[in-house]
Each structure stands twice: as C-alpha cells, then as structure tokens.
2 protein chains.
Amino acid sequence: MDSQRDATEQTVTSLDSPPQALPGPTGAAGKQIPPAAVARLTIYLRALNSLLAEGTERVSSESLAELSGVSSSTLRKDLSHVGSYGTRGVGYEVQYLSRHIAAALGLTHDWKVAIVGAGNLGKALARYGGFESRGFDVVAIFDADQMVVGNEVGWLRVSDVADLEAVLERTGTNMVVLALPAAVAQSICDRVVTAGVRSILSFAPVMLQVPDGVTLRKVDMATELQILAYHAQRAQTPGQPE
Amino acid sequence: MDSQRDATEQTVTSLDSPPQALPGPTGAAGKQIPPAAVARLTIYLRALNSLLAEGTERVSSESLAELSGVSSSTLRKDLSHVGSYGTRGVGYEVQYLSRHIAAALGLTHDWKVAIVGAGNLGKALARYGGFESRGFDVVAIFDADQMVVGNEVGWLRVSDVADLEAVLERTGTNMVVLALPAAVAQSICDRVVTAGVRSILSFAPVMLQVPDGVTLRKVDMATELQILAYHAQRAQTPGQPE
DNA sequence: TAGATTGTTAATCGATTAACAATC
DNA sequence: TAGATTGTTAATCGATTAACAATC
C-alpha cells in the first residue's frame with residue numbers, strides 16, 4: 001500500500017552484537033529477534049490491544065498488517081520470530097497473540113522508570129498516561145534546580161539530582177529517561193550507569209557514550225524535523241540541474 | 001567500536017518509492033539519499049556544528065565518525081551521497097562540509113512549524129530551544145480546550161483548533177507537529193493534510209493514514225520503552241529453556 | 001617522494017517481499 | 001472436500017563493511 005520505513009533512532013547496544021552463544025534449545029524461545037522486527041512487534045501489540053478493547057476475538061495476518069501499516073508478509077515473518085501462535089485457515093486469537101508478543105518483549109513484569117530533568121519535557125513525560133497502562137511505572141523525577149526540587153509533578157515530588165544514586169536504589173529503578181540539556185547529559189548518564197541502570201532513553205540532543213551491556217536509545221525532535229525537511233525539499237525540487 | 005543501529009520510527013512516505021524519473025544529470029545533486037543515510041547526516045551536521053563552535057577548522061572522516069558514533073566507512077559512504085567535499089590526504093573543512101550537508105537536507109530555507117495540542121508535551125515542544133537554532137520556527141500552537149485557548153506559551157498564544165485552516169494559511173506553516181490524544185489524531189491529521197501541509201511529525205500513539213505525497217514521521221515514547229524492555233529482558237535471561 | 005586520507009568498489013550481511021506447501 | 005490462511009522458504013533488495021586505488 002504505502003512504503004513504510006524504519007529509520008531514525010540510534011541504539012547503542014552491545015547486547016545485539018555477540019550472539020551470546022546458547023544454541024537456542026527450544027523453538028523460538030531463546031532466539032534473537034531482529035531489531036526491525038522488535039520495533040514492529042510493539043506496533044502489533046498496540047493494534048491487538050485496541051482490537052481487544054473493542055471486543056474482537058480473532059484477526060488474520062492480513063487485517064492486523066493493515067491496521068499496523070505493514071505488509072502481511074512482513075507481519076507473518078515478524079511473528080515467526082516470536083513463535084507459532086496462529087491457526088492456518090483461521091487466523092490469530094487476539095488475546096493469545098497479544099500475550100505472547102508481550103512476553104517476548106519482556107513486558108510481563110513491571111518496569112520502574114525514573115525521569116531525570118523536570119523541565120517542560122520531563123514534566124510532560126512524567127504525566128504522560130501511556131506509560132502506566134503499558135507496565136511502566138514512573139517512580140521518580142529529578143532536577144538540579146533547587147527552585148524545582150520538592151515541587152509536585154503528577155503523583156511525584158521532584159528529587160534533588162544530588163540524591164540520584166540513593167533514590168534510584170531505593171525505588172528499584174531499572175530504566176531512566178534523560179530529559180535534560182545537552183551540556184549535562186553525559187555526566188548524568190555516567191552516574192546513572194554507575195548506579196547500575198542498564199536501559200536508558202535519552203531526549204538530549206547529543207551522542208552519549210555508554211559502556212557495553214547498557215542499552216541506550218535516543219529520541220531527537222530536531223533530527224525528526226530535519227528528516228522531514230529533506231523529504232519536503234525533494235518534493236519541491238524534483239531534480240535541479242546542479 | 002559499538003554496534004549502532006537504526007530502528008524505531010515509522011515513516012510513511014510515498015516520496016521514496018517512485019524514483020521520480022529524472023536520470024540525475026549532474027553529480028550527486030538530484031540523487032536519492034538512502035533513508036538511513038539521511039538520518040545519520042543530521043547527526044554529522046550536529047557534530048560539525050559543535051566543532052565549528054569550538055573553532056575546529058578541519059576534521060578527518062575518522063574523527064567525525066567517532067564523534068558521531070559510526071564507522072568511518074559508513075560516514076564516507078554517507079557523505080558520498082551528498083557530494084565530494086573532502087580533500088584526500090587532508091580531510092574535510094568543517095564549515096564547508098556543514099554547509100553542503102545542510103543544503104542537501106533542505107535546511108537552507110526556514111521551515112514554519114505549527115504544533116497541534118497545547119498539553120504538557122505540546123508546551124514542552126513549543127518552548128524547546130533546539131528548533132529555532134536549527135532553522136525551524138514555531139509559528140503557531142493550537143488546542144481544542146477553551147480554557148487553554150488564548151494562553152501564552154513561549155512567544156505564542158494558543159489558537160483555537162477550530163481556526164486551524166485559517167491560521168496555518170496565514171502563518172505559512174509547512175510542517176505540523178501533532179501532540180494530541182490518539183482519539184483525535186486522525187481527524188486533525190486529515191484537516192492538516194487538506195490544508196496543504198505535507199510534512200507531519202506525530203507524537204500520538206496511533207497509526208495515522210496519510211495520502212501519497214505526505215511525509216509522516218512518528219515518535220512514540222511507549223514504543224521506545226518497550227524496545228528497551230526487550231533488550232533488558234534478554235540481558236537478564238540469556239537463554240531460558242522454553 | 002612518502003604519508004595520509006578520501007571516494008569508490010566489491011563483498012558481506014540483514015531485511016523485505018513473493019510465493020507456496022502445510023494444514024486448519 | 002473446498003476454501004482460507006498460516007508459517008516458511010527462496011529471491012530480491014538495500015545497507016554496512018572492508019579494502020584499496022586515486023590523489024592531495
């Protein structure tokens with residue numbers, strides 16, 4: 001139907017690279033899922049959950065693919081990495097498939113998320129409803145500004161970033177979202193890593209360095225707009241002569 | 001050094017798909033740049049700009065690659081899509097290269113951005129400093145809530161989304177950022193497209209449909225966290241038996 | 001000339017698509 | 001049995017990497 005592309009995010013992770021040995025003993029269980037497929041599985045999961053919400057019990061690869069904006073070929077291939085949970089000639093049971101995808105993605109236990117930076121973006125993220133409903137608990141929010149420390153944000157009070165390590169420890173945080181200026185991002189990132197957090201999502205517009213074993217993802221608004229600009233410009237100038 | 005991956009964002013664009021004819025007459029000018037390369041070019045551009053800020057005049061592919069977190073091979077290959085702006089045996093002149101990348105990305109003229117949704121996220125985006133400095137002017141922000149319409153956000157006043165078409169027209173908006181709930185995203189998106197905007201960045205957690213010729217990019221916080229969860233879980237369970 | 005570094009080619013690797021045999 | 005749809009295989013396509021000839 002229309003071309004669907006993955007692009008954009010940088011993930012620095014040493015977890016993909018070494019196949020980690022272990023010659024996958026049973027079925028699709030211990031297997032590596034290709035990064036592109038992981039990203040799409042989250043989309044299928046969302047589509048399945050809205051089907052579930054409206055009471056749909058079964059779905060074919062064809063319709064789930066359409067809801068997700070991919071080809072049915074891609075969808076079936078992606079699902080094959082998770083396992084074999086459909087019925088030929090029939091389709092997939094929505095709830096059953098949803099559960100297995102969630103399990104494959106590691107969404108069965110709850111994740112505790114701390115946000116560093118209580119500026120506009122940090123506050124927006126802390127209050128964002130989409131997290132709790134998907135098994136992500138925001139358990140802390142930090143800022144360096146003493147005028148902001150102690151303020152209420154959603155259900156939380158802003159902690160002093162000076163107490164970062166202690167609060168991460170006490171709350172059992174296992175994921176951190178960095179919503180802070182480029183200038184301080186690397187040093188805070190280092191402290192977060194040293195404190196034992198191995199999953200970091202950064203909104204800071206800089207390349208951060210993390211050691212092996214730490215997964216870092218990056219979201220950058222300016223980058224997104226620049227990519228849009230490239231496409232818009234191409235559309236306007238279909239082929240300018242030098 | 002470490003594995004660098006592109007993943008994550010969905011771009012629905014029909015602009016990639018048809019090579020658009022025009023057998024590229026001169027050099028690399030009218031050529032298609034592969035999506036993965038476009039995303040990285042924005043990173044190089046940022047690195048070049050910080051080099052420029054600290055007064056560095058020349059840089060080799062090796063060091064620029066390191067700053068950007070890619071291999072020098074990838075970097076040179078990416079630059080080759082833009083043109084040939086280095087000197088063998090010497091390297092690249094920072095300012096010169098920066099300008100050419102900016103031109104290739106279509107960042108030479110200013111883009112006018114409107115934000116739809118003046119909730120936490122919309123406000124955070126409107127006040128985000130990274131835009132102006134990169135040639136993106138935020139010219140309008142909208143909301144449907146009459147309690148919010150007329151409020152001040154940064155330099156702007158919140159417009160009524162009822163006046164969407166008129167304001168987009170008057171401000172000359174050519175990019176829209178959707179920062180609104182899933183439920184209303186598609187209908188607002190349709191209005192934006194009908195108003196003639198062809199570049200849309202959506203933060204709404206739904207698959208949006210856009211016609212051919214419109215470029216849509218999507219950023220999704222919950223998806224990002226789910227991808228982190230997948231990696232974290234893998235790290236914990238190096239190969240669980242069934 | 002000797003050393004350095006680009007731009008490009010060819011080889012590898014991974015992701016997408018099409019097609020179809022298996023099977024409900 | 002006939003129709004439908006999965007799961008998988010093989011073919012295509014695109015992206016990354018390594019290597020090196022061109023050249024400053």
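Which strands (runs of 3 or more DSSP E) does the range A:148-210 wholly contain that include 1 or more residues that are among the hydroxyl-bearing types (Ser, Thr, Tyr) and open to solvent by less than 30 Å² (accessible area, probe 1.4 Å)? First the steps, then the outcome.
Numbers: elements: A:156-160, A:175-178, A:199-202.
Once the strands (runs of 3 or more DSSP E) in the range A:148-210 are filtered for at least 1 residues that are among the hydroxyl-bearing types (Ser, Thr, Tyr) and open to solvent by less than 30 Å² (accessible area, probe 1.4 Å), what remains is A:156-160, A:199-202.
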key: Residue identified as touching a Ser or Thr at 6+ places or on another chain (Cβ under 7 Å) and within 11 Å of chain B (Cβ to nearest Cβ) among A:140, A:126, A:114, A:102   = A:102
message = Contact list please: Cβ distance under 8 Å, first residue in the range A:77-95 and farther than 13 Å from residue A:44 by Cβ and in contact (Cβ under 8 Å) with a residue 24 or more places away in the chain, second residue more than 8 Å from DNA strand D (Cβ to nearest atom) and in a loop (DSSP other than H, G, I, E, B), pairs at least six apart or on different chains.
response = A:83/A:27; A:83/A:29; A:84/A:27; A:93/A:57; A:95/A:57
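Would you point out the residue of the range A:85-103, among those that are small (Gly, Ala, Ser) and within 16 Å of DNA strand C (Cβ to nearest atom), that is surrounded by the most Cβ atoms within 10 Å (Cβ to Cβ)?
Initial filter on the range A:85-103 (small (Gly, Ala, Ser)): A:86, A:89, A:91, A:98, A:102-103.
This time we only want the ones that are within 16 Å of DNA strand C (Cβ to nearest atom), so: A:86, A:89, A:91.
Working: A:86: 19, A:89: 5, A:91: 17.
Residue satisfying both the conditions and the ranking: A:86.
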request  = Just name the residue that is farthest from the other protein chains (Cβ to nearest Cβ) out of those in the range B:211-237 that are part of a helix (DSSP H, G or I) and over 17 Å from residue A:137 (Cα atoms).
outcome  = B:236
Residue B:55 within 6 Å of DNA strand C (Cβ to nearest atom) and more than 11 Å from every other protein chain (Cβ to nearest Cβ) = no
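Please work out which residue is nearest to the other protein chains (Cβ to nearest Cβ), limiting yourself to the range B:28-38 and to residues that are within 14 Å of DNA strand C (Cβ to nearest atom) and modelled with pLDDT of 95 or more.
The initial filter retains those residues of the range B:28-38 that are within 14 Å of DNA strand C (Cβ to nearest atom), namely B:28-29, B:31, B:33-37.
If we keep only those that are modelled with pLDDT of 95 or more as well, we get B:33-37.
On the way: B:33: 7, B:34: 9, B:35: 4, B:36: 6, B:37: 9 Å.
The extreme case among them is B:35.
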ask   = Which of the residues that make up the range A:61-84 are away from DNA strand C (no atom under 12 Å from the Cβ) and open to solvent by 10 Å² or more (accessible area, probe 1.4 Å)?
value = A:63, A:66, A:67, A:82, A:83
key: Conditions (1) in contact with a Gly (Cβ under 9 Å, 6 or more places away or on another chain); (2) of a type outside the set (S, T, N, Q); (3) buried (at least 24 other Cβ atoms within 10 Å of the Cβ); number of the one not met by residue B:221   = (3)
task = Filter the range A:64-109 down to residues that are hydroxyl-bearing (Ser, Thr, Tyr) and either near DNA strand D (Cβ under 8 Å from one of its atoms) or touching a strand residue (DSSP E or B) at 6+ places or on another chain (Cβ under 6 Å) (or both), then give me how many there are.
result = 7
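The values are calculated or read from the model by the stated rules, or taken from the named source; none is laboratory data. These numbers were taken from a predicted model, which means no experiment stands behind them. Please note: Cβ atoms are built from the backbone with ideal geometry, for glycine as well, and neighbour counts cover all protein chains shown. We work out accessible area using only protein heavy atoms, side chains counted, and drop any ligands, DNA or RNA first. Shrake-Rupley method; radii C 1.70, N 1.55, O 1.52, S 1.80 Å.
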